[in-house]
Amino acid sequence: MASYSDLPGVVRDLMLLRRGPQDLPHSETLLLLLCVAAVVAESLLATRLLGANDFAGAAVRVAASIGVILAVTFAVLRIHQRHARFVQTGSALIAVALLFAMATAVVLSMALPLPTDRTQMTGMQMLAGALSLVVVAWQLLVRGNIFRHALEVPLTRGVTFALSLTIAELVLAIGIAQFAPTLPAT
């Protein structure tokens, strides 16, 4: 059984498609800590990197996204009668989401300040755009690998689940952006 000291190595191997969520400790506490860390880290990245002052609004959006990740994961595992794997699968998805948020922040920082017109894009901004596509593809593969292990399905089917999860997150983000009032800056 994996211990907390194994966590960095397991997460690294998840990112490299070498291991699955079953290699993480089965711990509701770990899942909760990863969720809290993700909300704080991703909200800080969003507010500091993009210059917004609405940490609370960013935290609500990140928490909602995490809720979608966990709800879709629970539903998929339940449908496939693998719901006992939820804690480790959720932990794996949130742990790698944290790392991908940091990678995205690095790529986005290369593109700042964002141009108002695409004709004003610099070479570095075009490179950042290409790298962001690589990060998205890599994230789909990593999530697909996690689902592959959790559901005991081929990688292509795992990537299909990962793509469905990504689409659900995008729909949620669009819904929040369109219908949720922005919170006043503090």
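The values are calculated or read from the model by the stated rules, or taken from the named source; none is laboratory data. Nothing here was measured: the structure is a model prediction, and the numbers come from that model. Quick reminder, even Gly has a Cβ in these numbers, built from the backbone with ideal geometry, and neighbours come from all protein chains shown. Side chains included, ligands, DNA and RNA excluded: accessible areas come from the protein's heavy atoms. Shrake-Rupley method; radii C 1.70, N 1.55, O 1.52, S 1.80 Å.
Toward the positive end of the charge dipole of the chain, with +1 on the Cβ of Lys and Arg and -1 on the Cβ of Asp and Glu, the farthest Cα among G67, L34, V153 is that of V153. For the chain, the longest principal axis of the alpha carbon atoms and the long axis of helix 28-50 meet at an angle near 10°. Here the accessible area is traced with a 1.4 Å probe on the protein chains. For the stretch 1-135, carbon and sulfur cover 67 percent of it. The residues F100, F179, sorted by heavy-atom accessible surface at 1.4 Å with ligands and nucleic acids left out, run F179, F100 from largest to smallest. Heavy-atom accessible surface of H26, to the nearest 10 Å², is about 80 Å², with a 1.4 Å probe and all protein chains retained.
Over the stretch 12-106, the Kirkwood radius and the radius of gyration, each from Cα atoms, give a ratio Rg/Rh of 1.01.
Accessible area per residue, 1.4 Å probe, Å², for the stretch 1-116: what's the number?
Counting only protein heavy atoms, the per-residue value for the stretch 1-116 is 50 Å².
In degrees between 0 and 90, to the nearest 10, how far off the longest principal axis of the chain does helix 123-151 point, with axes built from Cα atoms? Roughly 20 degrees, rounded to the nearest 10. To the nearest 10 degrees, how steep is helix 55-79 against the longest Cα principal axis of the chain, on a 0 to 90 scale? Helix 55-79 sits roughly 30 degrees off the main axis of the chain.
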